[in-house]
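What follows is a set of notes on a single structure, which appears directly below.
The values are calculated or read from the model by the stated rules, or taken from the named source; none is laboratory data. The structure displayed is predicted, hence computed values, not measured ones. Cβ sites come from the backbone with ideal geometry, for glycine too, and all protein chains shown count toward neighbours. Protein only, heavy atoms only, side chains kept; ligands, DNA and RNA dropped before computing areas. Shrake-Rupley method; radii C 1.70, N 1.55, O 1.52, S 1.80 Å.
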Amino acid sequence: MSSRNFERKSKDHSFARSTPVSKDGFSPSRSSRLATILSFLMVFSTACQFGPENGEIFSGNTLGKSVTFFGTTIDPSGTITIQVLDPANQDPYAAASTWSDIGSTTPNGSSFNWNGSDLYPWDLNAIIVNNAGEQDRWRNGGLVRTRAKITFGGGSVNAQVFENFLECTIDNLTASIFDFNAICGSSDGSVATLVDSDPLPSPGVDFLSRKATATLAEAEDYLLEVGAGPGGNRESFAQWKSINGFPSADEFSAVYFNEGDLGSGREMHCREISAREAGICRHKPLAPFVSLPGAKVTVRTACYVSNYFDTANLPSNDPATSVDLAVLGHQLGNSFGAKATVAMERVHFYNEGDFPANWCQFPTSPIPASVTNRVKFYVYGPDEADPALPEVALDDQGAKYVPGLCLACHGGDPSFTEPTNIVDAEFLPFDVESFSYSTIAGYTLTDQQESFRELNAMVRQAAVKFPSPIVELIDGWYPSATPGDGVLTPGATADTDFVPTGFAGNKRLYNGVIKPYCRMCHVSQSGSYAFNDSGTFAGTGANGAACGYQEMPHAQVTQAAFWNSPARMILQNETGNYDHCASTP
């Protein structure tokens, strides 16, 4: 069975190949491929393979699987030979790579005219793996690379392959065959990489565990440190909401299904707390009507999100039901039916109870160095009166400890000298394109665009690392002449086509891999692991982490989506790391 799905989410490992890198940050094979495609395009226009498309998804056992190849040629007497890279873990563009013939045919009848060019159709069914001894051609759950070699004018050419052939054809019905190929032909030239998605891999490490809190005792120590332990002022969710002023007329909320990673219906609430509200800056007794400058300074940003699942077995099976459960919880105002609520605070200027007195009169910078746990994490159960939880399950692997469970995506690490002090964690932006929404009035994306803008404005203001990929991303979604003003403009909606400057030369890699499957966690990271620059991406070991060790993507829903997409093909072809990328079940 196949489908055409072209929609779209660390340390180095021994599985990552050491590949020379060209000036554009990618392998020599990619650079030379791009340099030669234009020169051969006129020749390619005489021979095309329309199917299977580059990156087409298959499932099931590859042994004995029959694949239909089809396309056109301008030579009615030519022979079309289908070849497979054997084994698949070679550079398909290297002269020394080895290809095996798996079938041949000739044009099958009358030509048809495409805007002045007579084209002769061809097709054949071919079995790529005939016996177990040929399994390295296409391992179960892995990649296979094929090409169609077509005789033409006494010689032969390799047929141009395509992606999104039908959609591109509809958009270019009047183009010449040369222009059509230039517009619609895959940047991979003559090589079609087919993807088998079954079985899914068994990850090299547990999901969301890269920064794991090791023991229950460590989790409980952390809860004490952030006020959620026994006797703390945030021990229960009811206390947490009260101290952070929820509910409030100045909070912003949104309801959506988190399609990109956790697979839950989510009911999100955020607000900012001023110094005066926090009880730090007060009126002077003898001058009760004097307004103090520092009173309006935001000292905390607080958010909580309640998670809803349509089934006890995580993640959700039915997004529509899950998001409507979240809508109901939002309407009732008490997170009714939520499995768990995750809360966060971003402390801006002070350790609670230790705000510099001069800030009430004259807010200044830099931020006092004494701040600890600038971003704090809390998890609560369905009953608002119950104590905070040291662990929670967000996938089918069972419960994991706080805060490590959160740091896997929100970034940050425990301080070397103070293990309960989390350093450099971040609030994450709200990527409206990675969510799905309810059809209930008031809860569609259109209905909530303004809420998402306000939420993203808070996230930008709360960024710990500044400037940072998070800030660049939000400014890219909401562009303006003055960075930061766009997200503050009422009515502005997110431009989800934004690509960071560092990937302007390789939008295919960014849009096909990083944006849907990596960005929302890596945007909180630092340096090259923020995946914000194509020149450094190739050296991060991403192919090894995804295809070798198989610990990335690091969330259950995201890894399954990555494996059921063309992303593995794009990752390898754009970085020049060619291996089987087959699952380890």
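Exactly one of (1) closer than 26 Å to residue 116 by Cβ; (2) touching a Gly at 6+ places or on another chain (Cβ under 9 Å); (3) at pLDDT 50 or above is unmet by residue 77. Its number?
Only one criterion in (1) closer than 26 Å to residue 116 by Cβ; (2) touching a Gly at 6+ places or on another chain (Cβ under 9 Å); (3) at pLDDT 50 or above is unmet by residue 77, namely (2).
Taking only the stretch 533-551 into account, find how many residues are more than 12 Å from residue 514 (Cβ to Cβ) and in a helix (DSSP H, G or I).
9
Just to be sure I understand the filter: pairs with C-beta atoms under 6 Å, separated by 6 or more residues or on different chains, first member in the stretch 197-217 and surrounded by 13 or more Cβ atoms within 10 Å (Cβ to Cβ), second member β-branched (Val, Ile, Thr) and not in a loop (DSSP other than H, G, I, E, B). Which pairs pass?
Short answer, once both residue conditions are applied: 197/57.
Looking at 582, 538, can you tell me which residue is of a type in the set (A, V, I, L, M, F, W, C), in contact with a strand residue (DSSP E or B) (Cβ under 8 Å, 6 or more places away or on another chain) and open to solvent by 10 Å² or more (accessible area, probe 1.4 Å)?
582
Checking the condition aliphatic (A, V, I, L, M), part of a loop (DSSP other than H, G, I, E, B) and over 30 Å from residue 63 (Cβ atoms), which residue from 200, 208 passes?
Exactly one residue qualifies, and that residue is 208.
Got a sec? Which of 92, 76, 121 is touching a Phe, Trp or Tyr at 6+ places or on another chain (Cβ under 9 Å) and crowded, with 19+ Cβ neighbours inside 10 Å? Step through it out loud before you land on a result.
Working: 76 fails: crowded, with 19+ Cβ neighbours inside 10 Å; 121 fails: crowded, with 19+ Cβ neighbours inside 10 Å.
After applying the criteria, what remains is 92.
Identify, please: which residue in the stretch 472-499 is touching a helix residue (DSSP H, G or I) at 6+ places or on another chain (Cβ under 6 Å) and under 30 Å from residue 563 (Cα atoms) and is, among those, most open to solvent (accessible area, probe 1.4 Å)?
Among those residues, the one meeting the criterion is 495.
Which is more than 36 Å from the chain's Cα centre (by Cα) and either open to solvent by less than 20 Å² (accessible area, probe 1.4 Å) or not charged (D, E, K, R) (or both), of 156, 97?
156
Tell me yes or no: at least one residue of the stretch 300-315 is part of a strand (DSSP E or B), of a type in the set (Gly, Ala, Ser), modelled with pLDDT under 95 and open to solvent by 10 Å² or more (accessible area, probe 1.4 Å).
Narrowing the stretch 300-315 to residues part of a strand (DSSP E or B): 300-308.
Narrowing further to those that are of a type in the set (Gly, Ala, Ser): 302, 306.
Next, from what is left, pick out any that are modelled with pLDDT under 95: none.
No, that holds for no residue.
Among the numbered criteria (1) under 32 Å from the mean Cα position of the chain (by Cα); (2) open to solvent by 40 Å² or more (accessible area, probe 1.4 Å); (3) at pLDDT 95 or above, which one does residue 264 miss?
Of (1) under 32 Å from the mean Cα position of the chain (by Cα); (2) open to solvent by 40 Å² or more (accessible area, probe 1.4 Å); (3) at pLDDT 95 or above, only one is false for residue 264: (2).
Is there a residue in the stretch 164-182 that is under 21 Å from residue 579 (Cα atoms) and either surrounded by 20 or more Cβ atoms within 10 Å (Cβ to Cβ) or in contact with an Asp or Glu (Cβ under 8 Å, 6 or more places away or on another chain) (or both)? Full working, then the answer.
To start, the set of residues in the stretch 164-182 that are under 21 Å from residue 579 (Cα atoms) comprises none.
No - not one qualifying residue is present in the stretch 164-182.
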